[in-house]
Amino acid sequence: MAQGVWAVTEQRDGNLRKISYELVSEGRRLADKLGQKLTAVVIGSSMKEKAQELAQYGADRIMVADDPRLGQYTTDAYVEVLGQLAKAEEPSVLLMGASVQGKDFSARLAGRLGVGMAQDCTAFDIENGGLIAIRPIYAGKAYARVGFENSFPQMATARPNVMSVLAPDSGRSAEVVDAKFTLNDAELKTKVADTIQDASGKVDLTEADKIVSGGRGMKGPENFKILEDFAAVIGASVGASRSAVDAGWRPHRDQVGQTGKVVSPSLYVACGISGAIQHLAGMSTSKLIVAINKDAEAPIFQKADYGVVGDLFDIVPALTEAVKKYM
Amino acid sequence: MKIIVCIKQVPDTETQIKIAPGGEKIVTDDIKWVMNPYDEFGVEEALRLKEKFGGDVTVVGLGPKRVTESIRTALAMGADKGILISDSALEGSDSLGAAKALASVIKGLQFDVIFAGQRGIDEDQGLVGACLADLLGIPQVSLAVKLEVAADAKSVKVNRPVEGQTLVVEAQLPVLITTQKGLNEPRYASLPGIMKAKKKPLEEKTMKDLGLDPAAVGPNGRKLKILKITPPPARAAGKIVQGETPQEKAVELARLLHEEAKLI
Ligand SMILES: Cc1cc2nc3c(=O)[nH]c(=O)nc-3n(C[C@H](O)[C@H](O)[C@H](O)COP(=O)(O)OP(=O)(O)OC[C@H]3O[C@@H](n4cnc5c(N)ncnc54)[C@H](O)[C@@H]3O)c2cc1C
Ligand SMILES: Nc1ncnc2c1ncn2[C@@H]1O[C@H](COP(=O)(O)O)[C@@H](O)[C@H]1O
């Protein structure tokens, strides 16, 4: 019978990414509810040493798949490896991240294993020994509670920034094992030919703890400077509405919403954004929402925890000054 | 070049979602159905590849008869041929079931590039493309914002943004590519395009054409069960920050963020 919880971590350039700690922490909670073991799976090249620290976040066992061909994620290689491991050990729950990599990886793995899969979940639970996942559907206009029907492993991805990370406990230890797999070069049909770093150098919106976004109310690309100044003071990344992106004021990757990025920061500040349903779709799971808009009737205020009615060109610079005393 | 675009029909983004009694489905009566916005990028990119390399574009849609409309839209944009997979036995399939049905039809076609959307804006799963690629045994590259097929049409370079960087992934053809915003600006169907679309071939396939185990599709083939659909969790009522001047409001907001929300 399928047994155990696996949290599949994510690394880049040999460093574990934030989502990895979120997954191991959530995996720990689920493993406790099931009364089963938690295995943290690390796939990469020479990751064994770095992987050890996952014990502190609750892993009972750390399985390291090590191969120079796994240093950088490719769908072919990673799915081949994890597919073999999952078939051999039959975990009951397979938790992955709904990051760009995790979504690609998990979707193909679900196909490979022929199992059900719940993408981009915001909460998990165990009921009658089975995994239950909560996931926003229809762009967050509804939430679905889903379960699995004779489908193991029960696969799901967690939305980045949603699962709380356990305080590391240096007293915990884990068994570290080498994963056994074979990789056939002939099966690797994709390769990363090049990597282009984003010019901004800022934390990606999907991983940012704080986001300040601007919409059509910004009136022009040059005015985003106001938001960037504020963001710099509070340590936020800058996002945008589709209107601002379509106007060419901001790059596509900054778009938040149904056809852009789905974000879950602790703080989301919407400036000059009306709050169209398609925009809300991308940010409604933010923990605290602030809206700054001169129109008191703007729909964004219905979602905002704190609303400021006023001209953003007056409010935001004043806010930048006002927060400084707390930083 | 033989290009296939998978298109899903989804509720328009403006749709109010109402939950049906029983809580397992949504009410579909007054919904305006449209082509998944991500699939428009797929159709557009397919047409651009055809313009460059020649060949033809086939659109494949699985779902009830109304999906014909979205297929016609793609034909009006310039696709050459449509295939509708429609059978009541397929309704209520999960992503894997849908991928199996699509694969059983696509297996019988020639293809160099297949496009799928990065996710359907209905259930926001984003699984069908990858599952389909795996069933067909071809590589996939997801979330493309730019692609360049080599002159010999044997490989493709795809720009795929990930957090903080963009990867340029090289894949051999045939390949499945999932689309996202930024890839292109989908064209509108022109009036002559709409007229021509009416005469373009549109084939219909049912269960008997698929050679699929009926137990693998439809509601009984579902491996992921929807137990309950609920409205989104209510957010606690917010407060409007008070103050006579912008200055006062800003100071008060900063205080709230610090003292109450403890975020700064
Ligand atoms: C298929 C589809 C997908 C879409 N996907 C997305 C998506 O992913 N993301 C997205 O954002 N949108 C998306 N949209 C677009 C969406 O419907 C809205 O058009 C868009 O979000 C509006 O952007 P906005 O709020 O910046 O602009 P507007 O709606 O024009 O709002 C501007 C706001 O700024 C305020 N304002 C103006 N001047 C000032 C000032 N000086 N100070 C303070 N406030 C000011 C105004 O009161 C107004 O509320 C999509 C639409 C469709 C049809
Ligand atoms: N029923 C379907 N018919 C045709 N294509 C589909 C269907 N379902 C999903 N797809 C394709 O897969 C993409 C992602 O959908 P999904 O995995 O359902 O979120 C869509 O944008 C389509 O390209």
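Residue by residue, here is whether (1) away from ligand 2 (no atom under 16 Å from the Cβ); (2) at pLDDT 95 or above; (3) under 25 Å from the mean Cα position of the chain (by Cα) holds:
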position	(1), (2), (3)
A:D198	yes, no, yes
A:L205	yes, yes, yes
A:D209	yes, yes, yes
A:E222	yes, yes, no
A:G248	yes, yes, no
Would it be correct to say that B:G182 is assigned to a helix (DSSP H, G or I) and either at positive phi or open to solvent by less than 40 Å² (accessible area, probe 1.4 Å) (or both)?
no
Looking for whichever is within 9 Å of ligand 2 (Cβ to nearest atom) and either within 16 Å of the chain's Cα centre (by Cα) or charged (D, E, K, R) (or both) here; the options are B:Q140, B:Q118. Which one fits?
B:Q118
Given the residues B:K249, B:K228, B:K199, B:K208, which is the only one that is assigned to a loop (DSSP other than H, G, I, E, B) and among the basic types (K, R)?
B:K199
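Rundown of residues vs (1) surrounded by fewer than 16 Cβ atoms within 10 Å (Cβ to Cβ); (2) β-branched (V, I, T), yes/no style:
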site: A:E175; (1), (2): yes, no
site: A:T182; (1), (2): yes, yes
site: A:T190; (1), (2): no, yes
site: A:G201; (1), (2): yes, no
site: A:A208; (1), (2): no, no
site: A:G214; (1), (2): no, no
site: A:P221; (1), (2): yes, no
site: A:L227; (1), (2): no, no
Just one listed residue, out of A:K50, A:K37, A:K18, A:K103, is open to solvent by 10 Å² or more (accessible area, probe 1.4 Å) and over 30 Å from A:I196 (Cα atoms), and it is A:K37
Among (1) in contact with a helix residue (DSSP H, G or I) (Cβ under 7 Å, 6 or more places away or on another chain); (2) within 9 Å of ligand 1 (Cβ to nearest atom), the one test that A:V212 misses
(2)
All but one of (1) in a helix (DSSP H, G or I); (2) near ligand 2 (Cβ under 10 Å from one of its atoms) hold for B:V10, so report the exception by its number.
(1)
Going by the conditions given, is A:I126 of a type in the set (V, I, T) and either over 23 Å from A:Q36 (Cβ atoms) or open to solvent by less than 10 Å² (accessible area, probe 1.4 Å) (or both)?
no
Considering only residues that are open to solvent by 20 Å² or more (accessible area, probe 1.4 Å) and over 26 Å from B:I264 (Cβ atoms), which ones fall in the range A:229-248?
A:R242, A:S243, A:D246, A:A247, A:G248
Can you pull out every residue in the range B:119-141 that is open to solvent by 30 Å² or more (accessible area, probe 1.4 Å) and within 8 Å of chain A (Cβ to nearest Cβ)?
B:E123, B:L135
Being surrounded by 15 or more Cβ atoms within 10 Å (Cβ to Cβ), at pLDDT 95 or above and small (G, A, S) narrows it down to one of B:A46, B:A20, so name that one.
B:A46
How do the pairs read when you match residues in the range A:269-290 that are without any contact (Cβ under 8 Å) to a residue 24 or more places away in the chain and away from ligand 2 (no atom under 16 Å from the Cβ) with residues anywhere that are open to solvent by less than 30 Å² (accessible area, probe 1.4 Å) and in a strand (DSSP E or B), using Cβ under 6 Å and keeping only pairs 6 or more apart or on different chains?
A:L288/A:L267; A:I289/A:Y268; A:V290/A:V269; A:V290/A:Y306
If we scan the range A:94-104, do we find a residue that is more than 8 Å from chain B (Cβ to nearest Cβ) and either assigned to a helix (DSSP H, G or I) or modelled with pLDDT under 95 (or both)?
yes
Members of the range A:81-97 that are in contact with a helix residue (DSSP H, G or I) (Cβ under 8 Å, 6 or more places away or on another chain) and open to solvent by less than 40 Å² (accessible area, probe 1.4 Å)
A:V81, A:L82, A:G83, A:A86, A:S92, A:V93, A:L94, A:L95, A:M96, A:G97
Under the condition of being among the charged types (D, E, K, R) and touching a residue at least 60 places away in the same chain (Cβ under 8 Å), which residue from the range B:1-45 is farthest from B:D124 (Cα to Cα)?
B:K2
For A:K324, the lone unmet condition from (1) open to solvent by less than 10 Å² (accessible area, probe 1.4 Å); (2) at the interface with chain B (Cβ under 10 Å from one of its Cβ atoms); (3) not hydrophobic (A, V, I, L, M, F, W, C) is (1)
In the range B:160-175, what residues are in contact (Cβ under 8 Å) with a residue 12 or more places away in the chain and either touching a Cys at 6+ places or on another chain (Cβ under 9 Å) or assigned to a loop (DSSP other than H, G, I, E, B) (or both)?
B:L173, B:P174
Those residues of the range A:304-317 that are surrounded by 20 or more Cβ atoms within 10 Å (Cβ to Cβ) and under 32 Å from the mean Cα position of the chain (by Cα) come to a total of 8
Collect the residues in the range B:240-256 that are at the interface with chain A (Cβ under 7 Å from one of its Cβ atoms) and without any contact (Cβ under 8 Å) to a residue 12 or more places away in the chain, keeping them in residue-number order.
B:I240, B:P246, B:Q247, B:K249, B:A250, B:V251, B:A254
Residue that is of a type in the set (S, T, N, Q) and open to solvent by less than 10 Å² (accessible area, probe 1.4 Å), where the choices are B:S86, B:S93, B:S104, B:S70:
B:S70
Condition set under 30 Å from B:E91 (Cα atoms) and of a type in the set (G, A, S), scope the range B:218-239, selection nearest to the other protein chains (Cβ to nearest Cβ): answer is B:G221
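The values are calculated or read from the model by the stated rules, or taken from the named source; none is laboratory data. Being a predicted model, the structure only gives us computed values, none of them experimental. Because the Cβ atoms are built from the backbone with ideal geometry, glycine has one as well, and the counts that use them run over all protein chains shown. We work out accessible area using only protein heavy atoms, side chains counted, and drop any ligands, DNA or RNA first. Shrake-Rupley method; radii C 1.70, N 1.55, O 1.52, S 1.80 Å.
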